[in-house]
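Colleague: Would you mind keeping the following structure in view while I ask a few things?
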Amino acid sequence: MSDTSQERVALLREALPFIQKFKGSVFIVKLSGKVTEDSTLLHSIMEEVALFHQVGFFIVVIHGGGKQLTHLAEQMGVEQTIINGRRVTDSETLDLAKMVFMGKINTEILSTLRRLGIPSVGLSGLAGNIIRAKRRKEQPVTDRTTGERKMVDYGHVGDIVEIDARLLKILLNEGYVPVLSSLGADDEGNVYNINADTIAAEIAVELNAEKLLLLSDVDGIYRDFEDKSSLISRMTLEEAEAMYKSKGVGAGMMPKIYAIIDLLKRGVKAAHILNGRRENVMLQEIFTLSGSGTMISSQER
């Protein structure tokens, strides 16, 4: 038996009370492009998703793919404009996003789940009108690099107007794992690139999710990012609000904290920030008392 398998056996022994507690609950698993680019890593993550599914959790997987989109754009010679970490999506970039999100990444996730024997369905926000969106208006933005303030048209970037979760509920109740890419559309059928974190949060609220698991390449929230011993394992909603008001975390984490505070106030019980590049990270976080990342909970510890 491999070291990884032995670790999972040990985790399962500790997991029973958590399995009993969360059976029948909805978990939203959001994958960043950084954790879907490595096929070995993706297989490991999907093994964890498969285990959650097999013990009776309802799982929805939502993925972005910004890193892969940038890579394909470079290969195709399509210039990219990124302002303060946000992509301007022109018509050529939107075509590439359709190829990467609903094509390459979504298919690879489905293929991996198929090998693991888990029934899954690939979707975008257009399927079943899951995501009703509108084109983002021009916005005043201060470029953090130059200090210049200007109006920015983000192109084919959308903001969510409404979530229709009926199709997702049907699939979950029939035993499928929906795999949703970060595209949506308006009532005229115009397709938009939508932030995957935002989609995950809105889906979590609409499905009254027990947990939102955000997998990227950071271990969680640190009181001091340079001090790796300062990782915060557990926070209450009140503590997260106090940290946000005091700007006690880095600028890159502030929008994520704000979004988590909002979704906890809207009914989601807990959100977890995890390093998806670590094996068994979700199992350790959900099935052990020690955890592996940062959990922000609407309830007392």
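Colleague: Kindly state which helices (runs of 4 or more DSSP H) lie completely within the range 12-89 and contain at least 3 residues that are over 27 Å from Thr288 (Cα atoms).
Modeller: Values: elements: 33-36, 39-54, 66-76.
Of the helices (runs of 4 or more DSSP H) lying wholly inside the range 12-89, those with at least 3 residues that are over 27 Å from Thr288 (Cα atoms) span 66-76.
Colleague: Just give me the residues in the range 258-280 being of a type outside the set (Lys, Arg), under 15 Å from the mean Cα position of the chain (by Cα) and either assigned to a loop (DSSP other than H, G, I, E, B) or closer than 14 Å to Ile28 by Cα (or both), in sequence order.
Modeller: Ile260, Leu263, Val268, Ala270, Ala271, His272, Ile273, Leu274, Gly276
Colleague: Hey, another quick one. Quick one: would you say Ile221 is closer than 20 Å to Met282 by Cβ and of a type outside the set (Ser, Thr, Tyr)?
Modeller: Values: closer than 20 Å to Met282 by Cβ: yes; of a type outside the set (Ser, Thr, Tyr): yes.
Yes.
Colleague: Residue check: is Ala204 among the small types (Gly, Ala, Ser), crowded, with 22+ Cβ neighbours inside 10 Å, modelled with pLDDT of 95 or more and within 11 Å of the chain's Cα centre (by Cα)?
Modeller: yes
Colleague: Across the range 170-188, which residue is surrounded by the fewest Cβ atoms within 10 Å (Cβ to Cβ) among those that are in a loop (DSSP other than H, G, I, E, B) and under 20 Å from the mean Cα position of the chain (by Cα)?
Modeller: Per the criteria, the residue is Tyr176.
Colleague: Do we have Ala73 as of a type in the set (Gly, Ala, Ser), touching a strand residue (DSSP E or B) at 6+ places or on another chain (Cβ under 7 Å) and either crowded, with 18+ Cβ neighbours inside 10 Å or closer than 21 Å to Asn193 by Cα (or both) here? Please lay out each step first, then the result.
Modeller: Details: of a type in the set (Gly, Ala, Ser): yes; touching a strand residue (DSSP E or B) at 6+ places or on another chain (Cβ under 7 Å): no; either crowded, with 18+ Cβ neighbours inside 10 Å or closer than 21 Å to Asn193 by Cα (or both): yes.
Answer is no for this residue.
Colleague: State all residues of the range 130-169 that are in contact with a helix residue (DSSP H, G or I) (Cβ under 7 Å, 6 or more places away or on another chain) and in a loop (DSSP other than H, G, I, E, B); if no residue qualifies, say none.
Modeller: Ile130, His156, Asp164, Ala165
Listed here are the residues, each with its yes/no results for (1) in contact with a Leu (Cβ under 8 Å, 6 or more places away or on another chain); (2) more than 27 Å from His53 (Cα to Cα); (3) basic (Lys, Arg).
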position: Asp217; (1), (2), (3): no, no, no
position: Tyr222; (1), (2), (3): yes, yes, no
position: Ser229; (1), (2), (3): no, yes, no
position: Gln284; (1), (2), (3): yes, no, no
position: Leu289; (1), (2), (3): no, no, no
position: Gly293; (1), (2), (3): yes, no, no
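Colleague: Within the range 240-289, track down each residue that is without any contact (Cβ under 8 Å) to a residue 60 or more places away in the chain and closer than 18 Å to Leu42 by Cα.
Modeller: Passing the criteria: Ile273, Arg278.
Colleague: How about the range 39-58: which of its residues are in contact (Cβ under 8 Å) with a residue 12 or more places away in the chain, surrounded by fewer than 24 Cβ atoms within 10 Å (Cβ to Cβ) and of a type in the set (Val, Ile, Thr)?
Modeller: Val55
Colleague: If Thr70 satisfies every condition in (1) within 23 Å of Pro119 (Cβ to Cβ); (2) without any contact (Cβ under 8 Å) to a residue 24 or more places away in the chain but one, which is the exception?
Modeller: Single failed check for Thr70: (1).
The values are calculated or read from the model by the stated rules, or taken from the named source; none is laboratory data. Since the model is a prediction, treat every value here as computed from it, not as a measurement. Positions of Cβ are backbone-derived with ideal geometry, glycine not excepted, and every protein chain shown enters the neighbour counts.
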